[in-house]
Amino acid sequence: MDPFAQAHLSELLSAARLGPPVPTIDPAKHNATTLMTFNAALAALKGVGAISDEDMADWTNRMLVALGEEPLEPLPEIAGVKRVRLINFGGKRPPRRPDPPPLSRFIALVPVNEPTDYWNTAAGSRSSEFELYSDKVAVNWRLAPMPDYDAVFAAELAHQEPDLEGLPDDFKKILREKLVRGLQMRKRFVTLVDDVGTEYTSTGGGSGGGGDERRGNSDFAPGVPTEAQRLTVQWDQMEFDVHLPPTRDSP
């Protein structure tokens, strides 16, 4: 198998294992699009003689496993008949995007004062604060010192290893670094719920840094309702409560 073709397919598999780029994307629709893109790549590589029919079947099954599906058994051969499969992930239409929010109005700043041991994990030491607005919640976070990503992402790197078998070391190094960068972004995902059942939707964010720290922000809509007394935050595998000010203006 051509090493450049193998490297390209390995990179697509690593991206597929990460899942949708943001949590709000419908997983079934994302899987269908990912498989379609992967099949197009396989067809192009087959067309230029970089992979064989056996390679196509093998890597198609690898992609299905990466997407959480069962690998396919070979179709029975029928003389003179070319057979193809139709794979359906059973997706449904995503919900309508929320209407644009009204003019944003600042309400309160809520710092998080959790015990140090709660934040210190294999993924570094973290801190955050929450800005409450009439139309959104802004989560500001800091990660320092930076974690040992070889340890944090050991399982993901192990999943990638069979796809890199036989590639030159420089190929392996580039593909591992790309996977780690993608995983770094996933590790900074934050989700919110509150004690009155409000559904918060991620509306954007960003991050930057240098040296041994990184800072970022994540925004959510809508604003926190006045009757809510507590936000529950999920950050990677951590979950903790943020107690809201007892007196707040209505969003």
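FYI, it's all coordinate maths here, none of it is from the lab. Computed from a prediction, not measured in an experiment: that's the story for all the values here. FYI the Cβ positions are ideal-geometry reconstructions off the backbone, even for glycines, and counts take in every protein chain you see.
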Ser207 paired with Asn61, simple spin-label distance in nm, labels 7 Å along Cα-to-beta-carbon: 3.7
Separation in nanometres of the label points that stand 7 Å from Cα toward Cβ, at His8 and Glu177: 2.1
Rounded to whole Hz, the Karplus (6.51, -1.76, 1.60) HN-Hα couplings of region 54-59, x for glycine and proline: 5, 4, 4, 5, 5, 6
12 Å Cα-Cα reach of Lys46 towards aspartates and glutamates, excluding residues that sit fewer than 8 places from it in its own chain: Asp2, Glu54, Asp55
Order the peptides 12-19, 52-59 from the highest to the lowest mean number of other Cβ atoms within 10 Å of their residues. 12-19, 52-59
